[in-house]
Amino acid sequence: MKKILMASISVIAATASFPTAASDNVSRFYSGKSIQLAIGYGVGGGYDAYARALARHMGRHIPGNPNIVPQNMPGAGSRVAANWLYNVASKDGSAMAMVGQNTPLDQALREKGIQFDAAKFNWIGNPIVDNNYTFAWAPSGLNSMEDVLKNGGLICGGSGATSPSVLNPQILNNLFNGNIRIISGYPGGNEVNLAMERGEVNCRGSNSWASVKATLGQALKDKKLSFLVEWGLDPEPEVAEYMGGKVPLVTNLVTDENDRRALELIVSGSPLGRPLIAPPDVPADRVEALRRAFDKTVIDSIFLAEAKKLDLDINPLPGERLQKVAAQTVNASEAIVERARMLIRPGKIEDRKQ
């Protein structure tokens, strides 16, 4: 069943509380302007689909009705876009980005190339709270983690070397000595999907259920996907129905308490979903306007009709909640962070660009 979930009553109430004077000031600023929306992944994937759908509708709910102009800025698991937003983009409210859900986790783990403080971004909203999955191309005959550990042969494609599409299968390797080959360097999820169809790889290291439905709908109908591991805090009933049984949560695959707590940190990005963010230091009234515009968009009947047509699930979380999740992740205890870093320590990751 299609999931189109409404924002909470508290969020709807917030959308009605924006002061008139502040709205007038925001309207004068945005009137006749455009907002640049950087998309941290390539064309055709789930992030791209959600970002462009929001761009087509959100401007109607921002005072002054600016145009929102999407621009793909892929690289390093969306870190290129995040660094651009933090260090280069205008801080006046005329720039936003949709970045990877692991952006705060990357900072907590002190990954290379980070030039931002995720807690200082202004988090605007997430249209879809959704779990991620490591899944195989079913014709490969690898239909469960038991098959992978027993028979081997899983080859996972991913994008940036620190994106979930690479890290998640790496974690499985480190936890279970799974002998999984990981090939990074694909520009985005759509290219990994094509690589599976061509037989270059037989696995996608990470993708959300909503994005799978939006971009791999025919493969689902043809039963060509086998979901191996669920990366989230709670199971998704639709995936269990598709697979004819439960897909194991990664946190339930381990018995060591320290590993479980580290994995909970690693999957902390699932509430962030497809996060829309603005730079630090944007004037507070414009941040408020962007957040309330997002909240109105995700309950807008025209937007929801398009989302249904595109098979995009909408299960939103407001910016204020995202802000708290980002801060908690960035400030996780050193002991948990260190354990998480051990679980994702690099193995042999092949780069398709070489």
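Tabulated data for the structure shown
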| read-out | value |
| --- | --- |
| Pairs beyond 21 Å (Cα-Cα), from LYS213/LYS309; LYS112/LYS213; LYS33/LYS91 | LYS112/LYS213 |
| Whether the chain is rounded, prolate or oblate, judged on the alpha carbon gyration tensor where a/c under 1.5 counts as rounded | prolate |
| GLU257, GLU350 arranged by Cβ crowding within 10 Å, fewest neighbours leading | GLU257, GLU350 |
| For segment 292-354: rounded, prolate or oblate by the Cα gyration tensor [a/c cutoff 1.5] | oblate |
| Cα-projected label distance for LYS91 with GLU338, points at 7 Å along beta-carbon direction, nm | 3.5 nm |
| DSSP-assigned coil residues among trypsin sites (Lys or Arg not before Pro) in segment 94-125, each with at most 14 further Cβ atoms within 10 Å | ARG110, LYS112 |
| Cβ-derived FRET efficiency at R0 22 Å, GLU146 paired with GLU264, nearest 0.05 | 0.40 |
| Overall form of segment 154-295 per C-alpha gyration tensor (a/c, 1.5; a/b vs b/c) | prolate |
| Loop-located trypsin sites (Lys or Arg not before Pro) in segment 164-248, at most 15 other Cβ atoms within 10 Å (DSSP) | LYS223, LYS246 |
| Calculated over segment 14-112: convex hull of Cα atoms, volume per residue (Å³) | 118 Å³ |
| Calculated FRET value between ASN174 and THR255, using beta carbons and R₀ = 25 Å, to 0.05 | 0.95 |
| Least to most buried among ILE314, ILE39, ILE349 (fewest other Cβ within 10 Å first) | ILE349, ILE314, ILE39 |
| For VAL229, residues with placed amide H under 5 Å, excluding near neighbours | THR134 |
| In nm, spacing of pseudo-spin labels at ILE302 and LEU220 (7 Å Cα→C-beta vector) | 2.7 nm |
| Calculated FRET efficiency for the pair THR20/ASN65, C-beta based, R₀ 25 Å, to 0.05 | 0.90 |
| SER34-GLU200 pseudo-label distance in nm [points 7 Å out on the Cα-to-Cβ vector] | 3.1 nm |
| Segment 271-354: trypsin sites (Lys or Arg not before Pro) in DSSP loop, at most 13 other beta carbons within 10 Å | LYS348, LYS353 |
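Since every read-out is calculated from the coordinates, none of them should be taken as a lab result. Here the structure is a predicted model, which is why all the values come from computation and not from measurement. No Cβ is skipped: glycine too gets one built from the backbone with ideal geometry, and neighbour counts run over all protein chains shown.
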